[in-house]
1. List the strands (runs of 3 or more DSSP E) inside the range 311-380, counting only whole elements, that have at least 2 residues being crowded, with 18+ Cβ neighbours inside 10 Å and hydroxyl-bearing (Ser, Thr, Tyr).
2. Of the residues that sit in the range 76-85 and are under 27 Å from the mean Cα position of the chain (by Cα) and not in a strand (DSSP E or B), which one is farthest from THR166 (Cα to Cα)?
3. Which residues, counting only those in the range 52-70, are of a type in the set (A, V, I, L, M) and not in a loop (DSSP other than H, G, I, E, B)?
4. When residues of the range 55-104 are filtered for being surrounded by fewer than 17 Cβ atoms within 10 Å (Cβ to Cβ), touching a residue at least 24 places away in the same chain (Cβ under 8 Å) and aliphatic (A, V, I, L, M), how many remain?
5. Out of the residues in the range 173-187 that are small (Gly, Ala, Ser) and surrounded by 24 or more Cβ atoms within 10 Å (Cβ to Cβ), which is nearest to ligand 1 (Cβ to nearest atom)?
6. I'm checking my understanding of the structure. Among residues of the range 138-155 that are part of a helix (DSSP H, G or I) and surrounded by 23 or more Cβ atoms within 10 Å (Cβ to Cβ), which one is farthest from ligand 2 (Cβ to nearest atom)?
7. Could you check the range 280-310 and list, in sequence order, the residues that are assigned to a loop (DSSP other than H, G, I, E, B) and among the basic types (Lys, Arg)?
8. Give all pairs with beta carbons closer than 8 Å in which a residue from the range 330-353 that is farther than 30 Å from VAL146 by Cβ meets a residue that is aromatic (Phe, Trp, Tyr) and exposed (fewer than 15 other Cβ atoms within 10 Å of the Cβ); count only pairs at least 6 apart in sequence or on separate chains.
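The values are calculated or read from the model by the stated rules, or taken from the named source; none is laboratory data. These figures come from a predicted structure and were not determined experimentally. All Cβ positions, glycine included, derive from the backbone under ideal geometry; neighbour counts span all protein chains shown.
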Amino acid sequence: MKAIVWHAVGDIRLEDVTEPKIEYPSDAVVRITGSAICGTDLHFVRGTVPGMRPGTILGHEGVGVIEELGPQVRNFFEGDRVVIASTIGCGRCVHCRAGHYAQCDVANPRGRDAGTALYGGPESTGPFDGLQAEYARVPYAHTNLVPIPPGVTDEQALMVSDIFPTGWFGARLAGVGGGDVVCVLGAGPVGQLAALSARIQGAGRVLIVDGLPDRLETARMQNAETIDFNTEDPVAVVRELTGGVGADRVIEAVGVDAQRPVGGPAAQLLDDRTAAEFEHEREQVAPHAHLHGRQWMPGDAPGQALRWAVEMVDKAGTIGIIGDYPPQYTHFPLGRAMNRNLTVQAGNCDHRRYMPGLLSRIASGGADPTTVITQQEDMPTAIEAYEAFDRHEPGWTKVVLEIAG
Ligand SMILES: NC(=O)c1ccc[n+]([C@@H]2O[C@H](COP(=O)([O-])OP(=O)(O)OC[C@H]3O[C@@H](n4cnc5c(N)ncnc54)[C@H](O)[C@@H]3O)[C@@H](O)[C@H]2O)c1
Ligand SMILES: [Zn+2]
Ligand SMILES: [Zn+2]
C-alpha cells in the first residue's frame with residue numbers, strides 16, 4: 001500500500017509499504033479514505049519534536065471504513081464508517097476511565113510513564129504507524145474508533161480526529177466561561193477551531209494573534225478579532241482592546257515552532273538578550289534541524305508565544321497550552337506567571353473524550369469545522385502539499401489528503 005514515511009529530518013517519502021494486520025484481539029484494520037496534515041507533523045519533519053524512528057508512517061488524523069475486526073471488538077461491524085482518535089487509550093485503565101485518554105497507563109508499549117500514545121509520532125509515543133496510508137491498524141478499537149453519524153461528511157469527521165477536539169480541549173484548559181474575553185495565540189487550523197470552541201463555550205469576545213494575514217482573514221469567519229504581530233505589538237493591542245487589563249483567558253495554539261515578529265513595534269521590542277534565549281531554546285530542542293533555506297526550517301523563537309501569553313492575560317487569569325513542546329523544552333516564564341497569580345494548564349488532547357459530542361454538534365448543524373480546510377490533495381501530490389504547508393504559503397492552512405483505498 002502507499003504511505004507517507006518519515007526517513008530523517010527534512011526527508012519524507014511516498015512509498016510502498018506492507019499492509020497492517022490484526023496483531024491483538026482488540027485491534028481493527030481501517031481502510032483510510034481521508035487523512036490530513038497537521039502542524040504536529042511539521043514539528044516531526046523539522047526535527048523540533050525529535051526522536052522519530054526512520055520508517056515510521058506519518059499522520060494521526062483519519063477517517064475510513066472498517067476492513068477487519070479482531071475478535072474482542074464487539075461494538076462495530078465491518079464496513080462501518082469511522083473516525084480515528086489521534087491519541088490512543090486502552091479504555092479500561094484508571095486514566096481512560098477518568099477521561100484522560102492521552103495519559104492512558106496501558107496503550108503506550110513503552111510503559112505507563114512513557115507519555116501519550118499517538119499514531120505517526122516519535123519513538124517515545126509508541127511508536128505506532130500513522131494514518132497517512134491506505135490502511136491502518138487501530139489498537140483498542142472499541143475505544144479509539146468513533147462511529148460517524150449519518151449526515152456528517154468525511155471532511156467534517158476528519159476535523160474531529162484531532163484538531164476540533166484539540167481546540168475544544170484548549171478552551172477547557174483555559175477555563176473559558178460566560179462573557180470571558182479570550183485571546184488565542186496562533187491562527188492555524190487548531191487556533192481557529194479553538195476560537196470556534198471558545199465562542200461555543202460562552203466567550204464574550206475572541207481575539208486571535210498570528211503573523212500570517214491569510215490565516216487571520218479566515219479566522220474572522222469564527223468572528224474573531226484579528227491581531228497581526230508583524231504590524232502591531234499583540235500584548236499592547238490586547239490590553240488596549242480590554243480597557244488596559246488584558247484577556248481573561250489565553251489559549252496558546254502555536255507550539256515550539258513559534259516565530260518572532262519580523263516588523264512593527266513587537267520586533268522593535270525584542271532585545272538582544274531575548275533573541276539569544278530563543279537561539280539557545282532552539283539549539284536545545286532541535287540540534288539537527290535545517291537552519292538554511294526555506295524548507296523544514298524550525299521556528300526562530302520557541303518561547304515567543306508562551307512569553308506573550310503570560311503578558312497578555314489579566315492578573316489571576318488562566319492560560320491553556322495546546323501548542324506542542326517536546327519533553328526537552330524547559331523554558332517557561334514562571335516568575336512572571338507566579339507573581340501574577342496565573343493558572344496554567346497544558347496537555348495533549350484527550351481526543352476520545354470530546355469526539356462523540358462534537359460529532360453530534362456537527363450532525364445537528366451546531367458547528368462546522370470544515371471552514372479551516374483550504375486544500376484537498378491526493379496521495380501522489382502529498383509530499384508537495386507537505387512542503388507548501390511547511391512554507392506557510394498563502395492560502396495553505398489545512399490540507400486534507402483524499403486516499404483512494
Ligand atoms: N495538544 C494537542 O493535543 C495538539 C493536537 C494537535 C495539534 N497540536 C499543536 O497545536 C499547534 C498548532 O497546530 P496547527 O496545526 O494549527 O499548526 P500550524 O503550524 O498550522 O499553525 C501554527 C500557527 O502559529 C502561528 N505563529 C507562529 N509564531 C507565532 C507567535 N509567536 N504568536 C502567534 N502565532 C504564531 C503560525 O503563523 C501559524 O499560523 C502545533 O504546535 C501542534 O503541534 C497540539
Ligand atoms: Zn495533529
Ligand atoms: Zn487507558
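1. Per the criteria, no element qualifies.
2. Per the stated criteria, the residue is ASP80.
3. Let us first name the residues in the range 52-70 that are of a type in the set (A, V, I, L, M), namely 52, 57-58, 63, 65-66, 69.
Correct list: ILE57, VAL63, VAL65, ILE66, LEU69.
4. 1
5. Out of the qualifying residues, it is GLY186.
6. Within the range 138-155, the match that is farthest from ligand 2 (Cβ to nearest atom) is ALA141.
7. Residue satisfying the conditions is ARG294 alone.
8. Sorted first by the residue in the range 330-353, then by its partner, the list stays empty.
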